[in-house]
Amino acid sequence: MPVHEVGIRKDSFTIRTFIYVFLVAGAVTMAVPYVWMFVTSIKPLEEIQSFPPSFIVENPTIEPYKDLFRMVPMFRYLFNSLFVAGCISLFNVLATSLAGYAFAKHQFWGRDKIFFIFLASLMVPWQVNIIPGFVIVKNLGWLNTYRGLIIPSMAWCAFGIFLNRQFIYSIPDDLIDAARIDGCSEFRIYWLVILPLIKPVLATLAIFTFLQQWNNFVWPLVIIHTSSMRTLPLGLAVLTGQFGANYAMVMAGAVVATLPMLAVYLIFQKYIIKGIALTGLKG
């Protein structure tokens, strides 16, 4: 084997080793807070207060989890978050795919200008919408209701329209023309031709939307004022205020709130990675 090829292989091995070491170090650094959260949630109080702190649990217990579900309506919080995030995600997937199909494959007056307005809305900080949104919801009588939690968030779909439009734009027009020749209506073309081809985009958008709404804290804080309507992030904030001294119980609540998001990410991580790539498609 030539000397220069040996040198290239050694350099390549060194680079790969450095990359793997860097990635492992980053993964461990990011995993430590989650491990500490879980370890603390199964520690008795005397071990939590011991110094120096330790990752080793000498007497593990599940009492913090029992106290959590006995003293706090966690099942209600979980249902509220699941219902709100699920409804918004479903609407976002259907509405933005329809709008993306219209912007990508149909010619109508003001199409590019309207699409530009949607893109421009992405540059407006979401905090700007809180006060006018609250006033509208209050005047409609939607405070402390599912309608107030769900419907205003449905309007924040500009990113989904952009993502769907960019992907649908790359679909050949010949497929759509062939469906029209066969007598398909525009909705059947969307349902039978476009929708099956954009499943990766829809899955990515659904995951992003669900995780965003699952973690949404500010909007529920603004319009919700009863315990039965609290979502999980709002319930965890109240939990921290009421039982702040019970560190194990607070950490147990954080573990319960994190597990669904972790499961969604582990199951659909290939779509999340694909979605990051799809955001760079040319239109």
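Membrane-span-like helices of the chain, defined as complete DSSP H segments with a Cα extent of 20 Å or more along the helix axis and a mean Kyte hydropathy of at least 0.5, are identified as 3-41, 74-105, 199-214, 247-278. The alpha carbon convex hull volume per residue for the chain rounds to 223 Å³. The longest stretch of the chain left intact once loop-based chymotrypsin sites (Phe, Trp or Tyr not before Pro) with at most 15 other Cβ atoms within 10 Å are removed from consideration, loops following DSSP, is 110-216. Taken as Cα centroids, region 136-162 and region 58-123 sit 11 Å apart, rounded to the nearest whole angstrom.
Read-outs: derived from the displayed coordinates by stated rules, not from any lab. Worth saying up front: this structure is predicted, and the values here are computed from it rather than measured. Cβ sites come from the backbone with ideal geometry, for glycine too, and all protein chains shown count toward neighbours.
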